[in-house]
Amino acid sequence: MVLIKEKLVSTSCVGKGRTNQSAEVDLVLTEDKPDVKEFLYTEAKAVVNGTEVQNGRVLVYGTVKFCPIYLATDGQIKSLSAQTTFTDVIDVLGAEQGMKADVCCKTERVEFKNLNGRKLTAKAMLEIEASVMEETEQEAVSQVEEEKAEVKREKFDYVKKNATVTSLFNINDQVEISGEMPAVFEILKADGKISNSSYKIINNKIVIKANLDTTILYTDDKERKPCFVSVSVPFTEVLEVEGITEDWNLIQNMEVCEISCKLADDSNTRRIIDIDALVESRTETSENKSAELISDCFGIEKQALLTKEEIKLKQSSGEVKLQSGIRGQIEIKEMPPVSRVYNLAGKAKIQRLEQENGQIALCGVVATELTYISDDENRPICSVEKELPFKELINSLDNDNSEADLEVHVTGMSYTLSDASNIEVRGNVEIKGMITKTVNKSVITDITMNETEGKSPEASLTVCFVNKNDSLWDIAKRYSTSIASICEVNNLKENEMIGGKKLIVPKYR
């Protein structure tokens, strides 16, 4: 007897963990920087540089970059830059060495302390989440080459979730400020976001095309007042993903981790700016698989011994593609009125999933930050934050083993300046992902045939009264005969219903 086997590969999340970590750094102003009077804007961005899964935990290594803007004692507006590294340990029950981890790090809060005008302390509070994935392989019998064996086949579909592909890449370009805008004295900060992204899969690669939209805040070369300009840089990036094909499911997200702008060395007009952006690409990939396996087997002249094992597989319950609109009012209180809006940014966060009328309500908030320029000399640059709630209904999860793997992103942020103290903000929350459920599947991993004592090649006939729920397979297996012989003797079709009938069954003594 020859057995042909198929390899089943499943990926499951063995556990998740979350921790809060702080990263601190001391800054001492260089001689060319005037003393700090007041901080106007504080920012810190965290990047995960590496992870290591150990038994029961995940080690995370990363970098935090601080970029504050301050008002100097001499009235100038200046910027600073400093960075520090961090290491954290996240407890994840069930994690083992060799498994893969998907880690996400977000900056929750930033604090700056002015110690003496020349020495500063910067602190960032980080929220770090880790999911540990385990990949298991199991061979199952898909074909049996044996004349005296009857087999029953079952076809089923499942989803193979692959590891998250995380890549860091740089975008470098040079842009020129138009003559309509003032020339640059000093660049204070830059904000970047990815827009109009699309991808194509070619030969184990993901080819991404998108735009890097950059807003640059600077002081002009005459009055040293804050100005800004917005530019868009198209780019193409190629990501290597082994084995990827056009049939794979992709959830692709790119985020600007760091962006720096400086005057080009040869910019005599002080209008040519070099842009250098570090972009993180996170690609969730999965494959829709189909398998046709042997679910049962028996011998006609021999006894079949089946070896079975349980394997956990994921099945798709549906794809999620939703868009939820957000709208809110930002009121400027105890701060200078708005002269010009520099930047409006938003980050979405899922807070909870709850049942609502037979569906799942996805509830979250968008943390919006509005940075603007005022005419107040003491506070020329200001920022205000506000959380806007959102809720969207998705199809109900089938059972307790269901999971919703979702990505949420904010797009289309815009504003209307009602007056100098009231701003209406709008945007969209895009929700993409897949709902899967985990099923326990019993598969046959081996079959052996033993000679049955007392069996004889001489056939006989018996009369069988079929129970209501019996199938031809049940009768054939019960009497160790073939379905074909039962159909031939009784003039039946193989898929015919036989419940309640009387059949003549050829069988071996």
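The values are calculated or read from the model by the stated rules, or taken from the named source; none is laboratory data. Please read all numbers here as calculations on a predicted model, not as lab measurements. Virtual Cβ from ideal backbone geometry, glycine too; neighbours counted across all protein chains shown.
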Given the conditions (1) assigned to a loop (DSSP other than H, G, I, E, B); (2) at positive phi, which single one is not true for M181?
(2)
Which listed residue, of E240, E310, is surrounded by fewer than 16 Cβ atoms within 10 Å (Cβ to Cβ) and without any contact (Cβ under 8 Å) to a residue 40 or more places away in the chain
E240
All positions within the stretch 485-495 that are modelled with pLDDT of 85 or more and part of a loop (DSSP other than H, G, I, E, B)
N491, L492, K493
Is it the case, given these coordinates, that A476 is in the same structural domain as G325 (by TED's automatic domain parsing) and either at pLDDT 85 or above or surrounded by 12 or more Cβ atoms within 10 Å (Cβ to Cβ) (or both)?
no
Kindly list the number of the only condition in (1) among the β-branched types (V, I, T); (2) in contact with a strand residue (DSSP E or B) (Cβ under 8 Å, 6 or more places away or on another chain); (3) modelled with pLDDT under 90 that fails for T214.
(3)
Take Q83 and decide whether it is assigned to a strand (DSSP E or B) and either under 18 Å from E38 (Cβ atoms) or out of contact with any Leu (no Cβ under 6 Å at 6 or more places or on another chain) (or both).
yes
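Condition check ((1) loosely packed, with under 15 Cβ neighbours inside 10 Å; (2) among the β-branched types (V, I, T)) across all residues:
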position	(1), (2)
R327	yes, no
V338	no, yes
A361	yes, no
C382	no, no
Within the stretch 311-355, restricting to residues that are at pLDDT below 90 and acidic (D, E), the one that is nearest to R478 (Cα to Cα) is E319
Which ranges mark the strands (runs of 3 or more DSSP E) fully within the stretch 298-414 that have 1 or more residues being of a type in the set (S, T, N, Q), closer than 30 Å to N440 by Cβ and under 24 Å from the mean Cα position of the chain (by Cα)?
302-331, 340-356, 359-373
Starting from residues that are crowded, with 19+ Cβ neighbours inside 10 Å and either within 28 Å of the chain's Cα centre (by Cα) or outside the structural domain of E24 (by TED's automatic domain parsing) (or both), keep the ones in the stretch 113-130 and report whichever is nearest to G318 (Cα to Cα).
A130
Just give me the residues in the stretch 427-452 being farther than 30 Å from I394 by Cα and crowded, with 20+ Cβ neighbours inside 10 Å, in sequence order.
V443, I444, I447
Within the stretch 177-219, restricting attention to residues that are closer than 30 Å to D247 by Cα and of a type in the set (G, A, S), which residue is surrounded by the most Cβ atoms within 10 Å (Cβ to Cβ)?
A210
Counting only residues that are part of a strand (DSSP E or B) and of a type in the set (K, R), which one in the stretch 24-78 is surrounded by the fewest Cβ atoms within 10 Å (Cβ to Cβ)?
K37
Taking the criterion of being within 22 Å of the chain's Cα centre (by Cα) and in contact (Cβ under 8 Å) with a residue 60 or more places away in the chain, would at least one residue in the stretch 175-184 satisfy it?
no
Can we say T269 is in contact (Cβ under 8 Å) with a residue 24 or more places away in the chain, of a type outside the set (A, V, I, L, M, F, W, C), surrounded by fewer than 18 Cβ atoms within 10 Å (Cβ to Cβ) and in contact with an Asp or Glu (Cβ under 7 Å, 6 or more places away or on another chain)?
no
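Yes/no matrix, rows are residues, columns are (1) within 20 Å of G15 (Cβ to Cβ); (2) under 33 Å from the mean Cα position of the chain (by Cα); (3) at pLDDT 95 or above:
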position	(1), (2), (3)
D32	no, no, no
V60	yes, yes, yes
C67	no, yes, no
D74	no, no, no
D91	yes, yes, yes
D102	yes, yes, no
Residue ID - farthest from V341 (Cα to Cα), chosen from residues in the stretch 439-452 that are of a type outside the set (A, V, I, L, M) and at pLDDT 85 or above:
T448
Counting just the residues of the stretch 107-155 that are modelled with pLDDT of 90 or more and among the basic types (K, R), which one comes out farthest from S482 (Cα to Cα)?
R118
Residue identified as within 21 Å of E301 (Cα to Cα), loosely packed, with under 12 Cβ neighbours inside 10 Å, touching a residue at least 12 places away in the same chain (Cβ under 8 Å) and not aliphatic (A, V, I, L, M) among T462, T481
T462
